Amino acid sequence: QVQLQESGPGLVEPSETLSLTCTVSGGSISTYYWSWIRQSPGKGLEWIGYIYYSGIANYNPSLRGRVTMSVDTSKNQFSLKLSSVTAADTAVYYCAREENNGIVDYWGQGTLVTVSS
Amino acid sequence: DIQMTQSPSSLSASVGDRVTITCRASQGIGNYLAWLQQKPGKAPKSLIYAASTLQSGVPSRFSGSGSGTDFTLTISSLQPEDFATYYCQQYNRFPWTFGQGTKVEIK
């Protein structure tokens with residue numbers, strides 16, 4: 001059974017960089033697309049972007065310029081960095097596996113990240 | 001971005017009721033539509049993809065239909081564990097986008 005687990009700071013100061021890692025267990029990261037999705041009361045569910053195990057990524061244009069994703073196949077992990085954060089970036093962040101581009105079959109449990117000083 | 005609009009935003013229903021939720025896309029998306037279920041404090045769970053194909057393990061009381069711009073999720077006989085919020089999601093054109101959700105509450 002594939003499992004995904006997000007990890008990273010729950011509190012980030014404004015203008016700093018949010019960094020999260022998703023660890024994949026029960027399966028190899030060396031296939032499929034791997035996504036980050038966030039959910040906030042104000043904006044609902046928002047797809048941040050996805051990365052293929054090869055490192056090719058596609059980011060939501062609304063966040064482009066602030067988002068970087070990476071994958072570490074040796075650790076079976078993929079990561080998200082979101083720079084210059086504001087209170088609007090406060091959300092529950094989920095990592096997920098796309099069994100086919102756009103179709104999620106596995107989700108992490110989610111991690112709340114609050115942007116505040 | 002493709003906008004997804006669900007209706008209703010919420011509904012009250014009883015166990016055993018037939019429930020229908022509608023999702024409309026701002027432009028044609030073929031059958032590139034998924035339905036998800038989310039319970040409070042939990043991650044979404046994928047129910048349906050390709051507008052009508054059930055994910056593995058999803059009960060057959062869930063069904064989906066539609067293509068182009070108009071889609072429907074139907075629960076044929078609502079069960080206690082089905083009270084949740086349901087989202088549609090398009091994956092025809094990136095960024096993939098979600099509807100605002102439909103909360104199904106107990107009457």
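Pairs exceeding a 29 Å alpha-carbon distance, out of A:Lys81/B:Lys42; A:Lys43/A:Lys75; B:Lys45/B:Lys107: A:Lys43/A:Lys75.
Couplings 3J(HN,Hα) of segment A:64-69, computed from phi: 4, x, 10, 9, 9, 10 Hz, in residue order, whole Hz [Karplus 6.51 cos²θ - 1.76 cosθ + 1.60, θ = phi - 60°; x for Gly and Pro].
Treating r as the C-beta distance of B:Thr20 and A:Ser54 and R0 as 41 Å, the FRET efficiency rounds to 0.50.
Give the residues of segment B:23-44 whose amide nitrogen is closer than 15 Å to a point set 7 Å from the Cα of A:Leu112 in the direction of its Cβ. Answer for this model: B:40-43. For segment A:54-117, a crude dipole built from +1 on the beta carbon of Lys and Arg and -1 on the beta carbon of Asp and Glu, taken about the Cα centre, is about 240 debye to the nearest 20.
Averaged over the residues of peptide A:44-52, the number of Cβ atoms from other protein chains lying within 10 Å of each residue's Cβ is 4. Computed from label points 7 Å out along Cα-Cβ, the spacing between A:Thr73 and B:Ala50 is 2.8 nm. For the peptide B:91-102, the mean number of other protein chain Cβ atoms found within 10 angstrom of a residue's Cβ is 5. Calculated FRET efficiency, B:Gln27 to A:Ser40, Cβ-Cβ distance, R0 = 25 Å: about 0.50 to the nearest 0.05.
Values in this text are rule-based calculations from the coordinates and carry no lab data. Keep in mind that this is a model prediction, so the values were computed, not measured. As a convention, Cβ positions derive from the backbone with ideal geometry for all residues, glycine included, and neighbour counts pool all protein chains shown.
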